[in-house]
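The values are calculated or read from the model by the stated rules, or taken from the named source; none is laboratory data. Owing to the predicted nature of the structure, the values given are computational and were not obtained by experimental measurement. Cβ placement follows ideal geometry from the backbone for every residue including glycine, while neighbour counts extend to all protein chains displayed.
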Amino acid sequence: MPLYEERKKDEPLKMGEVGVDLKLMIDELDSVEVPSVFICPISLEPMQDPVTLCTGQTYDRSNILKWLSLGHKTCPTTMQELWDDSLTPNTTLSHLILTWFSHKHTAMKKSLEDIQGRALHLLDTLKRVKGQARVRALQDLRELVGSHSNARKALEENGGVALVFSLLGPFTSHAVGSEAVGIIVGLDLSYDQLKGSLMHPAKVSLLVDIMNEGTIDTKMNCAKLIEMLLVEGSNEVVSSLSLLVGLLRLVRDKKHPIGVVSTGLILLKAIVCSHESVRISVISLGGIPLLIEILPSLNNECLEVALYILEVLSTLEEGGMALKECPNIIPNVVKYLMRVSERCTQFALSILWAIYKLAPEECASQAVEAGLAAKLLLVIQSGCNPVLKQMSSEFLKLCSLNYSTSILISKCMLTSTIQ
């Protein structure tokens, strides 16, 4: 809602306009804590036209009139019977309310003007300065845009977005690039705006370099920006080996909160799912043993994403071979069956299936020793989806080919249930 227009100094304040002006101010100051004496006991909203009953209680005129129109003959607050239903305007309180909101509104307008002016000043500064002065200006602008919607609006309406994008180029320092990316991810930009400004090899290369060498906040910002660029599968981004290296570093990071790993996993999932050539690159870069290594440290949400990526990679022959070569891969995957979620169980079973196709006897033996048969029986007996049950049943039959019935039953540790 636009700010209410200031009156000319010589224009008198008409009584008929007070309510309108006050309503606009109340609406625009809805996040401000209002003194309780200004609040109507009926609506719990600021009063615009306070009136007092014979009981001495004050209400907003429209609210008390509604109360009386419903046939009530009592005061809503005290429940005293009204011996006089006349409403007396509380002019003193009305003046106090209008004055209080006017002062607050004027202060808000000045603050907003200061914020917008500060944003415009920083934009002008960015056009003139270079080096460390440019970095400082970007830092100030990033903080301002991140804290105030009016600063973002000033940026968008005065060519600031294009200016920030123009700072990303082949000769941009990582310090400038990091701050520019931090500003961009804080804006509500469309895919077309991003594509038009960033889909150039030099800028994509810079973005990847910044992510690989920046601070952890910068890495996360770059990952978010790249994810935004993947809306329609931009080949300029996903074909970058340095990007994949940077993502695997992000996923492996052990020094920072799980949110960092989650950001890397989500972006890696988006890339791996859409391009087969990228899957081969991830496998060749050692992505599979890395993911297997970090599985025990992941929370349930990240674990599901990591298992999904491994399942996708396992559909390639190279992926199956890489999985097979991981130490203790089968017992490590078996333990995730029926542990976290139905989706995790399905992903883990698909991974085991890919290994089984390459080495049936070895896989079946290790899997049963790790408790696979018992887990499969639990899946079959549970309320899981029919596809997962069918997969479990078929896998159990394949495992049984390598064991006698009595040995398989003893491995299940569910003898009474099976019999």
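Per-residue answers, yes or no, for (1) among the small types (Gly, Ala, Ser); (2) closer than 20 Å to LEU377 by Cβ; (3) in contact with a Cys (Cβ under 7 Å, 6 or more places away or on another chain); (4) assigned to a loop (DSSP other than H, G, I, E, B):
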| residue | (1), (2), (3), (4) |
| --- | --- |
| TYR336 | no, yes, yes, yes |
| ARG339 | no, yes, no, yes |
| LYS357 | no, no, no, no |
| GLU361 | no, no, no, no |
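Would you point out the residue of the stretch 181-191, among those that are in a helix (DSSP H, G or I) and at pLDDT 75 or above, that is surrounded by the most Cβ atoms within 10 Å (Cβ to Cβ)? Selected residue: VAL181.
Summed over the stretch 32-52, the residues that are crowded, with 16+ Cβ neighbours inside 10 Å and of a type in the set (Asp, Glu) give a count of 1. Pairs are defined by a Cβ separation below 7 Å, a sequence spacing of at least 6 or placement on different chains, a first member in the stretch 363-376 that is of a type in the set (S, T, N, Q), and a second member that is in a helix (DSSP H, G or I); the pairs so defined are GLN366/ILE330; GLN366/PRO331.
Taking the criterion of being within 21 Å of the chain's Cα centre (by Cα), over 17 Å from LEU207 (Cα atoms) and touching a residue at least 12 places away in the same chain (Cβ under 8 Å), the residues of the stretch 142-186 that qualify are ARG142, LEU144, VAL145, GLY146, HIS148, ARG152. On inspection, LEU291 qualifies as out of contact with any strand residue (DSSP E or B) (no Cβ under 7 Å at 6 or more places or on another chain) and closer than 25 Å to LYS357 by Cβ. In the stretch 192-208, the qualifying residues are those that are closer than 23 Å to GLY259 by Cβ and in contact with a Gly (Cβ under 8 Å, 6 or more places away or on another chain), and the one that is surrounded by the fewest Cβ atoms within 10 Å (Cβ to Cβ) is VAL208. Filtering the stretch 339-355 to residues that are crowded, with 21+ Cβ neighbours inside 10 Å and either at pLDDT below 85 or more than 14 Å from LEU303 (Cβ to Cβ) (or both) leaves LEU349, LEU352, ALA354, ILE355.
With a requirement of 2 or more residues that are among the hydroxyl-bearing types (Ser, Thr, Tyr), none of the helices (runs of 4 or more DSSP H) lying completely within the stretch 92-171 satisfies it. In this structure, LEU377 does not qualify as under 21 Å from GLU301 (Cα atoms), in contact with a helix residue (DSSP H, G or I) (Cβ under 9 Å, 6 or more places away or on another chain) and either in a helix (DSSP H, G or I) or not assigned by TED's automatic domain parsing to the domain that holds GLY320 (or both).
The sole residue among VAL368, VAL333 that is β-branched (Val, Ile, Thr) and within 27 Å of ASN299 (Cβ to Cβ) is VAL333.
Considering LEU307, LEU313, LEU298, LEU290, the condition of being more than 23 Å from PHE395 (Cβ to Cβ) and either buried (at least 20 other Cβ atoms within 10 Å of the Cβ) or of a type in the set (Gly, Ala, Ser) (or both) is satisfied by LEU298 alone.
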